[in-house]
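Since the structure comes first, as structure tokens, the remarks are kept for the end.
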Amino acid sequence: MSRHQEVRNLDYKDVLDDYDGYSEEEDELSPEDRALMTQGTITVQTALGVEAAKVSVAQIEESLWHYYYDTDKVVEYLIKKFINPPQKTAKPAPNPSSKYTFLKRIHIASAAPRDFSHLFKDLPWGNIPKDRETIFIPPLLPRMGLLGGSGSPPKMSKLQQLAAARKKKAEERAAQQKLEQTRTKMTQLSVEEQDRQKENAPSDGPFGKRLKTSESTAEGRKPLTTAEPGRSEPSSQSTPTALENSQHAKAATADSPKPTPEKAQPSAFAQVLFGPPLASPKRKLQDVFPLTYTDLSPSVLEAFSRPSPDDVVYAAQAKAGKKTAVTQTKKKGASSLDAVASDVKGLKIEDAPLPKSRNLDVLSEFERSKSKKAASFVVVGHVDAGKSTMMGRLLLDLNVVDQRTVDKLRQEATKIGKSSFALAWVLDQRTEERARGVTIDIATNRFETDKTVFTILDAPGHRDFIPNMIAGASQADFAILVIDAGTGAFESGLKGQTREHSLLIRSMGVSRVIVAINKLDTVGWSQERFDEIKNQVSGFLSATGFQQKNITFVPVSGLHGDNLVRKSPDPTASWYTGPSLVEELENSEPSARALAKPLRMTISEVFRTPQSPISISGRIDAGSLQAGDPLLIQPSGEKAYLKSLQVDEEPVEWAVAGQNAVLHLTNIDQVHVRVGDIICDPAKPIECLDTFTLKALAFDFLMPMQVDVHRGRLHAAGRIESMTALLDKVTGAVVKKKPKIAKPATVARVVVKLNSKVPLEAGQRVVLRSGGETVAAGLLE
Ligand SMILES: Nc1nc2c(ncn2[C@@H]2O[C@H](COP(=O)(O)OP(=O)(O)OP(=O)(O)O)[C@@H](O)[C@H]2O)c(=O)[nH]1
């Protein structure tokens, strides 16, 4: 088949149908368009009146669509097209049956064009070299004119033509009247114009005109006697009065027998710019544009040499005998002002009274008190080892939370398909934690046994939240390391956060650890599995620096509560006869308290309470405090006062190291109090450092590198500036000076430089992280 035949045989209808892409659904108007369409139709029908019957609603709508709801144009178009069509017009009307063809056309035009190039491929003019080919950039939108738009104005009916002519005439007349009015007003306003007409003198240009408006004498410029024309009311009365006054004044001073015609006065601003007005209209150019800094005009020089109008008035009043009255009034006013001033002075805005300290001997009070021991423990372990569930269950079994609460949580958890996390939700209270099923930040809770008040610090297991875990570990006396005994879970945990958490808690100074081997229900309470895990964990904990006597193991099922508070009722678990987890906790002695040391408390949270707009919570690391104490907040260096405090949610008079306290502060702005800051005694403040030396245990390769320093809630960016020595792990003796690198598991002395000063001091433990990994932990020297 020849190319021509091919072209001839093409079914264009099919081709276009293929590429139409138009569907009835797309014919629908948006709600806004629909509203505009309805409104437009009503307007057009009203405008057409009885003639509206001659056009269908569809035609009106179609026209509205094409004219973008311009009802005037639509009316014009409809009159022209349907109501009063010109005889010869043969243009087809928009097809009312096809609604919004405009929209259709867009679709057709925007559809991908079919490639017909193969039809012409053997034509010589089809083989244009590439470099000579025209680059066709298609328009963004299809080019289409408006309906009926030929460019020429639409033809009008006789009626329309008449109406238009009448309208035009009326407009012209109105414009003419307006012009006349303005001209009259301008004539009334312009003094210059009158003068000019009187004198019949030619104008000297714009400046010349203005300069004629005031007189110069030998003594200099005369004071202005008339109001500035520009400021006078444009009333016919004001002008003659001004003229009279002016002429009267001039008659008294002018030498010329001829009365000088009144002229508009230049404004003060104009005089500053252009100098004094001259008698002669012919001014030299340099006078017209004097440079103010080379030739100060006399008006400027004289500006303050005469009494001001106010002074003149006062002088006149004084002459008229009112001076005393004015002075009296002034005096009266002054005396009442003085009285008010002295009253205001007398008013003293007292600051809120500072809280008073009872100056108790807190340490002896603590000795005498029969309060229970306070201990904090951090719960650590690999993600999903069951830490939160275990703590939730513990709180349920100890009646800290009731069954109803747990049932409610279970219902809520079931709704989002996480029913197994109901117990974990007792601690994981954030929406994000609940939605993701992971702990994100340290969750604290509290429970009491006969002897001890325990604070739980439930740490996140996920590696992304290690900094929060570090914050928890820094507040803990001891730790519960939770291990998932499930097949494969223990092994993967050992490679993951089980090992990292163990290293970190040890680095943060925690020396006692209870290993809860969890989820034993999933392995049928296999003693074998328990022993296997016990052996492996015991080995690496010893290697990490924990003493064997400080490590204990408890087989548990956190979900079912086995061996947490009560012994497991499961017969398959009968092989374990040791203490429960709570008993192990009670057996754990909290680490020694630095009671006699200067006060140090790291802020864990800042919040608002009924007692104070700035309340903070945290664990007292060292020293003691009591209500009324002045406190220093570092690094801000701002002083606050301790209004009142709470320990274990009870209001108390004092608190000591090891206790978790809530302090209600006063006399401080909130901007100076941030999480991670340190509260200390103003008399024995902690220093703020930006460089320190650290005895660091390397978890990874160490070298001069960027690091983040973590101490509790404090995170500071910095870098390892230099490495001064490699140390012996046991003796601490220098093994190598100025090493280039420190391998994992070695101890190095490194100098860290921070980007900003933070409160740090010798003896504190910090963790170094880099690129989201813990690279070292150590002790500040
Ligand atoms: N079978 C069984 N499942 C448990 C046990 N303890 C916890 N789980 C389940 O383990 C899953 C994870 O529990 P979580 O308490 O959220 O674990 P986690 O260690 O707190 O998790 P992160 O805090 O996010 O690291 C949940 O589905 C629990 O129901 C247990 O003793 N036995």
>> Over the stretch 570-708, how many pairs of lysines fall under 21 Å by alpha carbon, counting only those 8 or more apart in sequence or from different chains?
In response: 4
>> Run the simple label-point estimate for Tyr68 and Lys684 please: 7 Å along Cα→C-beta, distance reported in nm.
In response: 8.0 nm
>> Let me spell out the model: positive unit charges on the Cβ of Lys and Arg, negative unit charges on the Cβ of Asp and Glu, origin at the Cα centre of the stretch 625-781. What dipole size does that give, in debye rounded to 20?
In response: 1120 debye
> Tally Lys and Arg at +1 and Asp and Glu at -1 over the other residues with C-beta under 10 Å from the C-beta of Met723: what net charge comes out?
Replying inline: +4
> Excluding Asp441 itself, what net charge comes from residues whose Cβ is under 15 Å from its Cβ, given Lys and Arg +1 and Asp and Glu -1?
Replying inline: 0
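How large is the dipole of the stretch 673-731 about the Cα centre if only Lys and Arg carry +1 and Asp and Glu carry -1, each at its Cβ, rounded to the nearest 20 debye? It would help to have the intermediate numbers written out before the result.
On the way: 7 positive and 8 negative charges, 28 e Å.
It works out to roughly 140 debye.
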> Hey, rough spin-label estimate for Leu398 and Trp575, points 7 angstrom out along Cα→Cβ, what's it come to in nanometres?
Replying inline: 2.9 nm
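Please list 364-370, 459-465 highest first by mean number of surrounding beta-carbon atoms within 10 Å per residue.
On the way: 364-370: 10.6, 459-465: 21.3.
In decreasing order of mean packing, 364-370, 459-465 become 459-465, 364-370.
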> Given 0.36 nm per residue, what is the gain on full extension from Ala745 to Ala315 after removing their alpha carbon distance, in nm?
Replying inline: 145.2 nm
> What length, rounded to one decimal in nm, is gained on full extension from Asp531 through to Arg166, with 0.36 nm per residue of separation minus their alpha-carbon distance?
Replying inline: 120.5 nm
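Would you mind getting me the FRET efficiency between Ile42 and Arg183? Use the beta-carbon distance for r and R0 = 35 Å, nearest 0.05.
On the way: r = 45 Å, r/R0 = 1.29.
Using R0 = 35 Å, I get an efficiency of 0.20.
List the relative contact order of the stretch 644-781 as a percent without decimals, with contacts defined as Cα pairs under 8 Å and 6+ residues apart. It would help to have the intermediate numbers written out before the result.
Working: 293 pairs, mean separation 37.4, N = 138.
That works out to 27 percent.
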> How long is the gain from Arg674 to Thr449 if the chain were fully straight, where each residue apart is worth 0.36 nm and the alpha carbon distance is subtracted?
Replying inline: 77.7 nm
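What's the local net charge at Trp575, with K and R +1, D and E -1, over the other residues with C-beta under 11 Å away? Spell out each step's value before the answer.
Numbers: positive: none; negative: Glu528, Asp531, Asp570.
Net of charged neighbours comes to -3.
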> Ranked from highest to lowest mean number of other Cβ atoms within 10 Å per residue, what is the order of the peptides 378-386, 49-57, 525-533?
Replying inline: 378-386, 525-533, 49-57
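In what sequence do Thr43, Thr572 fall when counting other Cβ within 10 Å, fewest first? If you can, show how the numbers build up before the last one.
Details: Thr43 17, Thr572 12.
Fewest to most other Cβ atoms nearby, the residues stand as Thr572, Thr43.
Could you list Met703, Met601 in order of exposure, starting from the residue whose Cβ has the fewest other Cβ atoms within 10 Å? Present the calculation step by step, with values, prior to reporting the outcome.
Working: Met703 15, Met601 25.
In order of increasing Cβ crowding within 10 Å: Met703, Met601.
Values in this text are rule-based calculations from the coordinates and carry no lab data. This is a predicted model, so every value here is computed, not measured. Note that each Cβ is placed from the backbone with ideal geometry, even for glycine, and that neighbours are counted across all protein chains shown.
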